[in-house]
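Structure first, commentary second.
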Amino acid sequence: MSIKNICCLGAGYVGGPTCSVIAWKCPDIKVTVVDLSVERIAQWNSEKLPIYEPLLDDVVKECRGKNLFFTNDIKTAILEADLIFISVNTPTKTFGNGKGRAADLKYVEGAARMIADIAQSDKIVVEKSTVPVRAAESIQNILYANNKPGVTYHILSNPEFLAEGTAINDLLYADRVLIGGENSGAIEQLCKIYEHWIPRKNILTTNTWSSELSKLAANAMLAQRVSSINSLSAVCEATGADVSEVARAVGLDSRIGSKFLQASIGFGGSCFQKDILNLVYICECLNLPEVAAYWQQVIDMNEYQKSRFTAKVVQALFNTVSGKNIALLGFAFKKNTGDTRESPAIYVAKTLLDEGATLNIYDPKVEESQIFKDLTHPSICESPEQVRKTVKVCEDAYSATKGTHAIVVCTEWDEFMVLDYKKIYDGMMKPAFIFDGRKILDHEKLLEYGFHVQTIGKQLRKPTPPPRMTNNHHV
Ligand code: ADP
């Protein structure tokens with residue numbers, strides 16, 4: 001048997017791009033992506049996809065209606081499928097045991113129960129969500145406990161390593177594909193799908209637990225690098241070292257490597273924090289408190305970096321931002337995505353609002369409704385009306401900065417590097433401040449224009465004062 005029909009439960013950041021690439025690379029396979037949300041599916045079937053990813057539009061346009069389908073008809077999709085991906089959300093629990101840290105597996109469980117209810121024939125069920133160790137076991141337990149005669153399930157773990165903003169490229173040129181499971185026949189079937197475009201030597205097979213833990217380990221280690229360089233950025237600011245120089249010098253050591261050594265206001269996104277909190281929680285449950293404390297520190301350092309940066313903004317603005325108008329450039333957690341989950345910009349905005357500032361926010365890909373949703377979330381603010389009064393979402397960087405006291409760069413969008421900062425300076429209140437939380441701007445140029453500039457991991461000189469009047473001018 002070879003796989004002819006794939007169903008994917010969950011049309012989100014993982015399921016959508018992954019299945020679009022599978023459909024594109026495997027024209028002989030029918031791929032149906034389903035979701036509980038009618039709105040999400042309608043968006044996938046429209047001109048404006050629900051998520052922004054470079055190249056995603058092209059891939060979807062190429063395949064949609066041919067061998068790639070988006071639908072709410074979950075039942076038919078499950079019945080037809082030989083292989084089912086589960087890529088539903090795994091949010092952090094907001095209640096009960098493990099609150100704030102453990103993953104809430106209710107959607108994974110819901111998906112497994114749907115399969116158990118509907119399936120009439122053998123299925124390979126592939127866990128693809130960012131899920132903590134043991135999710136495959138839960139899926140297996142549910143499916144086996146509800147077994148029907150003549151239906152056999154094989155459960156595999158196939159974690160996704162794509163990064164938002166580069167999802168399509170990451171999928172097309174994956175460093176490795178990881179498949180965990182106990183049944184070699186099922187593993188082989190999934191390998192064959194990936195072999196349409198991934199060389200066999202880059203497809204790794206392991207046991208289920210290794211596969212699941214590797215996903216958490218990869219994210220924990222990446223986040224750890226960011227926290228490590230961010231911790232050193234504080235040392236640089238205190239000593240006169242430059243964190244970019246340090247990162248370059250360290251990164252050229254081939255044992256260390258140069259990636260993920262960019263100091264910033266801190267990492268965000270739906271995975272790093274969530275996965276580490278998960279790892280910490282799992283370690284505590286396994287009675288490994290030292291291991292738990294070790295990884296918790298990666299999160300603590302990230303919190304410290306965000307608060308340190310924001311405190312610096314307030315301090316530079318003469319210790320008060322009350323009544324001041326500040327422009328936030330960027331709201332997404334990184335460039336090339338419209339995703340704001342755990343974005344450091346939310347923390348920066350919240351703190352400045354708490355301190356009494358009014359904000360102009362501009363992000364090239366984040367919708368106004370999303371910004372208000374994030375800033376009025378009950379965990380962020382007590383008074384949504386107040387937020388609506390004090391936050392303005394702007395159409396571009398020029399209107400966002402006009403008349404403001406300060407600019408805070410929160411996301412490293414390329415377009416922020418090429419703005420006309422002379423023009424921006426002229427339109428701002430004086431003294432004009434700029435805080436580069438992503439180290440992307442030409443600081444020397446900004447100083448020349450007259451900006452007071454602060455960045456991460458480097459002390460900068462004061463702007464050159466305007467030329468002093470000499471006596472000659474008074475005659
Ligand atoms: P991720 O970033 O992990 O892809 P998202 O939140 O972007 O997570 O997407 C998960 C999607 O899964 C959501 O659109 C949600 O509606 C969907 N979903 C949750 N449970 C089910 C289910 N049982 N069947 C189908 N889709 C589901």
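Sort the following peptides by mean Cβ neighbour count (other Cβ atoms within 10 Å, averaged over residues), highest first: 131-137, 160-166.
131-137, 160-166
Between the helical axis of 135-145 and the dominant principal axis of the chain, each derived from Cα atoms, what acute angle in degrees is found, rounded to the nearest 10?
On a 0 to 90 degree scale, this one is about 30.
Per residue, how many Å² of accessible area does segment 343-455 show with a 1.4 Å probe?
45 Å²
Sorted by accessible area with a 1.4 angstrom probe, largest first, how do 362, 144, 425, 52 fall?
144, 52, 425, 362
If you take all C-alpha pairs in the chain, what percent of them are over 32 Å apart?
Values: 51813 of 112575 pairs.
Within the chain, distances greater than 32 Å cover 46 percent of Cα pairs.
Expressed as an acute angle from 0 to 90° and rounded to the nearest 10, what is the orientation of the C-alpha long axis of helix 15-25 relative to the principal long axis of the chain?
70 degrees
Which residues' amide hydrogens lie under 5 Å from the amide hydrogen of residue 85, considering only partners 5 or more residues apart or on another chain, with H built in the peptide plane?
So residue 85 has HN proximity to 7, 8, 9, 126.
Only Lys, Arg, Asp and Glu count, each charged at its Cβ (+1, +1, -1, -1), so figure out the dipole size of the chain about its Cα centre, rounded to 20 debye.
For this selection, approximately 620 debye.
For segment 5-206, what is the per residue volume of the convex hull drawn over the alpha-carbon atoms, in cubic angstrom?
121 Å³
Can you find, among 121, 110, 60, the residue sitting farthest towards the positive end of the charge dipole of segment 5-206, where Lys and Arg contribute +1 and Asp and Glu -1 at Cβ?
110
Pick out, from 322, 304, 286, the residue whose Cα sits farthest towards the positive end of the charge dipole of segment 224-327, with +1 on the Cβ of Lys and Arg and -1 on the Cβ of Asp and Glu.
Comparing the listed Cα positions along the dipole, 322 ranks first.
At a temperature of 4 °C and a viscosity of 1.567 mPa s, determine how fast segment 142-194 diffuses translationally according to Stokes-Einstein, using the Kirkwood radius over alpha-carbon pairs as Rh; express D in µm²/s, rounded to the nearest whole number.
98 µm²/s
Return the carbon/sulfur percentage of the accessible area of segment 27-66, one whole number, probe 1.4 Å, all protein chains in place.
Result for segment 27-66: 53 percent of the exposed heavy-atom area is carbon or sulfur.
Using θ = phi - 60° and the Karplus curve 6.51 cos²θ - 1.76 cosθ + 1.60, what whole-Hz ³J(HN,Hα) does each residue of segment 318-323 get, with Gly and Pro shown as x?
6, 6, 8, 10, 4, x
Only Lys, Arg, Asp and Glu count, each charged at its Cβ (+1, +1, -1, -1), so figure out the dipole size of segment 348-475 about its Cα centre, rounded to 20 debye.
Roughly 580 debye, rounded to the nearest 20.
With +1 on the Cβ of every Lys and Arg and -1 on the Cβ of every Asp and Glu, and nothing else charged, how large is the dipole of segment 5-206 about its Cα centre, in debye rounded to the nearest 20?
About 320 debye.
Tell me, what ³J(HN,Hα) does each residue in segment 228-237 have, in order and in whole Hz, if you take phi through Karplus 6.51 cos²θ - 1.76 cosθ + 1.60 with θ = phi - 60° and put x for Gly and Pro?
5, 5, 5, 5, 6, 4, 5, 5, 4, 4
Tell me, what % of the accessible area of segment 308-377 is carbon and sulfur with a 1.4 angstrom probe?
Solvent-exposed carbon and sulfur of segment 308-377 make up 45 percent of the total.
What percent do you get for the relative contact order of segment 5-206 when only Cα pairs under 8 Å and 6+ apart count?
It comes to 21 percent, rounded to a whole number.
Which number do you get for Rg(Cα) / (2.2 N^0.38 Å) in segment 207-475?
After normalising by residue count via 2.2 N^0.38 Å, the value is 1.10.
Under the Karplus relation 6.51 cos²θ - 1.76 cosθ + 1.60, θ = phi - 60°, what is the ordered set of whole-Hz ³J(HN,Hα) values for segment 172-186, x standing for Gly and Pro?
3J(HN,Hα) across segment 172-186, in whole Hz: 5, 10, 4, 4, 7, 10, 10, 10, x, x, 10, 9, 5, x, 5.
The values are calculated or read from the model by the stated rules, or taken from the named source; none is laboratory data. The shown structure was predicted, so the numbers you read here are calculated from the model rather than taken from an experiment. As a convention, Cβ positions derive from the backbone with ideal geometry for all residues, glycine included, and neighbour counts pool all protein chains shown. Keep in mind that these areas ignore ligands, DNA and RNA; they rest on the heavy atoms of the full protein, side chains included. Shrake-Rupley method; radii C 1.70, N 1.55, O 1.52, S 1.80 Å.
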